[in-house]
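Computed from the coordinates by the stated procedures, all read-outs in this text should not be read as laboratory data. Predicted model only: the values in this text are computed from it and were never measured. Reconstructed Cβ throughout: ideal geometry from the backbone, glycine too, with neighbour counts over all protein chains shown.
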Amino acid sequence: MDVLKVAICCAETDYSLALGEALSDLHNNLLITVFDGAASCADDAFDLLLLGAECANGAGSFTQDAGGADGLARDAGGAENPPCGADGLAAHFADSKKVIELVDTPAEAGKDLDALRFKLFKYASAKELASDIFLFDSLLTGKKRIGIRKENTRLIALCGSAGGVGQTTVSMGLGQSLCRYHGKKALVVSFEEFESTLQFMNKRDDGLSIGEYLYYLFKNRSPLDLESFLLWDRYGVRAFNPDKGKNRLKELNIEQLAVFFDAIASDRFEYVLIDMGECFSAAAAWVLQQCDKIIAITADPEENERELRFLTYLRFLLGRKAESDLIRVRNRVSRSPEYEEDESELLLIDYDPESVVRKADANPISIDQGFGSGIKALSKKIT
C-alpha cells in the first residue's frame, strides 16, 4: 500500500489528536504523526507537514510512543528532540515545499496551485482536508495515492488458511444478523474464483453481473446505480449477481480495487462483508489492510501448522492493527457430551446443518438455531 506520511504540529494538542484520528479513520493509507516539537521532524521523515499558526512552546507534552491505541504516532520533545515554537518550525522548513498551513478562519484560507502554497481552514471537515492533502501531494510529487474513502462504511474481511472452512456461509449469516438484529445495511462482496453466492440467494434473470458493473464503472469512472447489479435475500442482505464464469474482481489490480471500493463504500451500506477466498496475492493483501476488522476462520477441530502460518502471515501483514482488528473464529464445532469449552480467544460457531434450508433453487441460511448463536456473537464483535 502506498502510504502518505503526514506530521501535524499545532499549538492545540487536542485539536491535533482529533484531526489525526479523523484523517486516519477516513483513509487507511494516511500515516499520521502528532507532535509539538519540530527539531526531530527532518525534511525527509514525512511526506507532508500540517503546520498550525503557532506551535506549543516548552517541554513536549507527549510520551515517546510507537503508536497509541488510536493508531497515531506521537513525538515528544527531549534532549535529542528539543521542542521549538512557530519561529523554529518556520526556520526549519523555510525552503521546504512540503508545508500546508492550517488557518483559523475561512477568510484566510486559499490554494495557489501554481506556487504550491496551501492554506486550509483548520475546522473544515476531515473529508475536505483529506481531499486537499491528496491534491497537494499529487501536485508536489506527481503521484496518485490510492486510498478508500470509508465515510460511514465499515469494511469487514472474512478469510481462511484454506477453502471449504465456511467463509461464504458465515458471510451470509453475518449479513443477515446485521440486518435483522442491528438494523444495518449490509453488502456481501465475494472474491472467490468461482462465486457461491447463488447457493444462498435466488438468481435474477434480469440482473446484470459484477463483471458488467466493473465494465461500466471503469468505462464511465463514475458511480453507478447498484440496484441493477445486486441480489438480495428476504432480510435485505445484498450481494452482487455473479458472473457466469470466473469472478472478474479477481482480475483487478490495486488501483482498480481502490476505485471499486471507493464506489461501493458509501452511505448506502454501513457494512461491506468481503468473502476473501484465497487471499495471498498482493491485491488481496492490500484489501485486508484496508479493512476495519479481519475475521480469520478455521473449521479444523484443533490448530494445525497451516493455520498457525496463516495467522503469522495476517499478524505480519496487519502489524499493530492485528491486536485490535483480528477476530479468530472456529466454524462447525461439534459439541459432544464430553466437549470442553474452549477458553482461548477463538469465537465458536456450532456445526448445525439444519440451519441451511434446502430448496430447489437456493439454500437460504437460518440463524435462529445453533449456527445463529455464534453468528450473533460475531456480529456483536463488529458493531
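What the table shows:
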{"item": "DSSP-defined beta bridges in region 221-339 - what % are antiparallel, rounded to 5", "result": "40 percent"}
{"item": "Entries in Lys203/Lys244; Lys127/Lys381; Lys203/Lys293 that, when Cα-Cα distance is taken, lie over 19 Å", "result": "Lys127/Lys381; Lys203/Lys293"}
{"item": "Label point distance in nm, Val357-Asp14, each placed 7 Å from Cα along Cα→Cβ", "result": "5.2 nm"}
{"item": "Fully extended contour minus Cα-Cα distance, from Phe280 to Ser131, at 0.36 nm per residue", "result": "50.6 nm"}
{"item": "Two-site FRET efficiency, Asp205 against Ser228, from Cβ-Cβ distance with R₀ of 22 Å, rounded to 0.05", "result": "0.95"}
{"item": "Approximate spin-label separation Arg320-Tyr123, in nm, with each point projected 7 Å along Cα-to-Cβ", "result": "3.0 nm"}
{"item": "Gain in span if fully extended, Leu198 to Lys380, counting 0.36 nm per residue against the direct Cα distance", "result": "62.9 nm"}
{"item": "Protection proxy ranking of 123-136, 153-166 - average other beta-carbon atoms within 10 Å, highest first", "result": "153-166, 123-136"}
{"item": "Other-chain or far-sequence residues with amide H under 5 Å of Glu278's (modelled H)", "result": "Glu193"}
